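The values are calculated or read from the model by the stated rules, or taken from the named source; none is laboratory data. All values reported here derive from a predicted model rather than from experimental measurement. Ideal geometry is used to build each Cβ from the backbone, glycine not excepted, and the neighbour counts take in all protein chains shown.
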């Protein structure tokens, strides 16, 4: 572990992801639509989901510069980006600040934001199905199957619908966990699963342990998000702080209090680390996943 | 040809498509999202795109009850349905009537309509990637690649962006054709291409001729749409008549006049029929495609 440089690993992969995303969206196409899409997805965000894809792929032996995992990394970031564009719109959260910039509908108008979100989702599935021989069709099909199920009405979109319907309600912990399992957890778990799917014939034991890692980390991520919503300021977050509280949304902090929520995030991170142990994979293979897990819990934005 | 009963062929396939779509969307899921999705897609529309998928698959020898083409048929209808839900929203066309019913945002609110559209798009890619052995991975990957490219920013969504940017402008015929090639033509062509992709190893000659058929039919469809917008009433159309004219949108009727537009639709239909001839396939194989092509041009809604 000591020899592993997470920062360098991240930078190398982030540069590849950024270049691939930029290559995937022609700026001057379709009456400004390409420009709005680029604005929504380039130069912003922590890229946690793509990094999880790449670290998971590496854990199961994917080549560091392999195309399958790079495509999957871009695809999940595109899904994440589309969900933010639509989530920020006036009929949803009506937010004006995202990643430190005006939101897409503020910058380009609502109609263009709606279309840009739609087209970012579509582009995710384009990137998973390159029209050359670079990725085996079975891997392409597996990644599409995973990503579509994680982001659709029984995944992320379903979680958003539950979230919308829950404003002002008192959810219990089971209900809150179910909402987050869908709204943010499904994509984080999918990041891990797509990384694994980039390599054929990974054992069921490793697959299951990595899935447990993805589930625990996904929930930890959301609990930390709720904590940061009350403890950080908007400038650090790059988005409007305190908005969950202001909107009377159910959160872990509202449910269990600030200190208990922090302790819960730590416990979930420990579960995630244990799941990595249980894979039986080498420290070399697991180094990037371990580093990302620590980062998720210790982040301040 | 004389023995072919288009109406019976359509009804048999439409029943299968309707059942598969209904099976694909659980009504009671995710805080009403499933209900909104079902409202948007079930019991409505002409289902032209799914029928084109199924007729094209049949032309190249797919089993009439094959799963690959049924999945592709459902998937393209889901993409079409999502585009209508979003297109009807207040920030886009702001339409209140669709398929003779209140539009989704009128019935369920804008936030749910936005999410329902998003999730209908995702579901299209779920349906193309069944998680059993019913469809070869290579066919799954091909269909996803075709559908994503046809519906994204270089296809349907791009056409919608051009459409939005063109209101009040005078487009020339080349510009108008390019807009429609993307906005409606891309999905109609894709219907034909996905049907063909459901069968391995179709000759390039047949593929190209069927693609020409899809392109000509797609443009004919749009010209007829423009004609109907001025000649039909809202009750017959099931949507608001005259809205293109009212919105000062560029149309073939505005560009070339009503009679010339009708003649142009007929000429395009003749091109489409010629392309079918050029496949060299048997009359039995082509009967459904021929029937659908006639229907597209002679429809009154």
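It is to be established whether one or more residues within segment B:126-146 are surrounded by fewer than 24 Cβ atoms within 10 Å (Cβ to Cβ), assigned to a helix (DSSP H, G or I) and out of contact with any helix residue (DSSP H, G or I) (no Cβ under 6 Å at 6 or more places or on another chain). Scanning segment B:126-146 turns up at least one residue that is surrounded by fewer than 24 Cβ atoms within 10 Å (Cβ to Cβ), assigned to a helix (DSSP H, G or I) and out of contact with any helix residue (DSSP H, G or I) (no Cβ under 6 Å at 6 or more places or on another chain).
If the condition is being under 19 Å from residue B:119 (Cα atoms) and without any contact (Cβ under 8 Å) to a residue 40 or more places away in the chain, then segment B:97-107 contributes B:103, B:105, B:106. Of these, A:120, A:115, which one is part of a helix (DSSP H, G or I), more than 8 Å from chain B (Cβ to nearest Cβ), farther than 16 Å from residue B:127 by Cα and touching a residue at least 60 places away in the same chain (Cβ under 8 Å)? Being part of a helix (DSSP H, G or I), more than 8 Å from chain B (Cβ to nearest Cβ), farther than 16 Å from residue B:127 by Cα and touching a residue at least 60 places away in the same chain (Cβ under 8 Å) holds for just one of A:120, A:115, which is A:120. Being over 19 Å from residue B:118 (Cα atoms), modelled with pLDDT of 95 or more and within 7 Å of chain B (Cβ to nearest Cβ): is that true of residue A:148 here? Here the answer is no, as residue A:148 does not meet what is asked. Residues of segment A:151-171 that are assigned to a helix (DSSP H, G or I), facing another protein chain (nearest Cβ under 7 Å) and over 25 Å from residue A:23 (Cβ atoms): A:157, A:158, A:160, A:161, A:162, A:164, A:165.
Which one of these is on the phi < 0 side of the Ramachandran plot and more than 10 Å from chain A (Cβ to nearest Cβ): B:126, B:215?
Matching residue, one of B:126, B:215: B:215.
Yes/no matrix, rows are residues, columns are (1) surrounded by fewer than 23 Cβ atoms within 10 Å (Cβ to Cβ); (2) modelled with pLDDT under 95:
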residue	(1), (2)
A:14	yes, no
A:27	yes, yes
A:41	no, no
A:51	no, no
A:99	yes, yes
A:105	no, no
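The set of residues from segment A:13-34 being without any contact (Cβ under 8 Å) to a residue 12 or more places away in the chain and more than 20 Å from residue B:149 (Cβ to Cβ) comprises A:15, A:19. Could you check segment B:263-280 and list, in sequence order, the residues that are out of contact with any helix residue (DSSP H, G or I) (no Cβ under 6 Å at 6 or more places or on another chain) and part of a helix (DSSP H, G or I)? Across segment B:263-280, the qualifying residues are B:263, B:266, B:267, B:270, B:273, B:274, B:277. Within segment A:281-301, the residues that satisfy the criterion of being assigned to a loop (DSSP other than H, G, I, E, B) and under 11 Å from residue A:59 (Cβ atoms) are A:281, A:282. Counting only helices (runs of 4 or more DSSP H) that fall entirely inside segment A:1-96 and contain at least 2 residues that are under 22 Å from residue B:117 (Cα atoms), the qualifying elements are A:33-41, A:67-87.
Of all the residues in segment A:74-97, those that are under 15 Å from the mean Cα position of the chain (by Cα) and either at pLDDT below 95 or more than 20 Å from residue B:105 (Cβ to Cβ) (or both) number 9.
For residue A:298, the criteria (1) modelled with pLDDT under 95; (2) over 20 Å from residue A:189 (Cα atoms) hold in every case but one, which is (2).
Inspection of segment B:127-137 finds a residue satisfying the criterion of being closer than 16 Å to residue B:77 by Cα and over 19 Å from the mean Cα position of the chain (by Cα).
When A:187, A:228, A:182 are screened for being modelled with pLDDT of 90 or more, farther than 25 Å from residue A:67 by Cα and within 14 Å of chain B (Cβ to nearest Cβ), only A:182 passes. Among the candidates B:196, B:202, the residue that is more than 12 Å from chain A (Cβ to nearest Cβ), in contact (Cβ under 8 Å) with a residue 60 or more places away in the chain, over 26 Å from residue A:25 (Cα atoms) and not in a loop (DSSP other than H, G, I, E, B) is uniquely B:196.
Filtered by the rule that a residue be more than 23 Å from residue B:290 (Cα to Cα) and modelled with pLDDT of 85 or more, segment B:237-277 gives B:251, B:252, B:253, B:254, B:255, B:256, B:257, B:258, B:259, B:260. Per the listing A:155, A:168, the residue uniquely touching a residue at least 24 places away in the same chain (Cβ under 8 Å) and crowded, with 19+ Cβ neighbours inside 10 Å is A:155.
Here's the yes/no breakdown for (1) surrounded by fewer than 17 Cβ atoms within 10 Å (Cβ to Cβ); (2) under 19 Å from the mean Cα position of the chain (by Cα):
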| position | (1), (2) |
| --- | --- |
| B:260 | yes, no |
| B:270 | yes, no |
| B:275 | no, no |
| B:279 | no, no |
| B:288 | no, yes |
| B:297 | no, yes |
| B:300 | yes, yes |
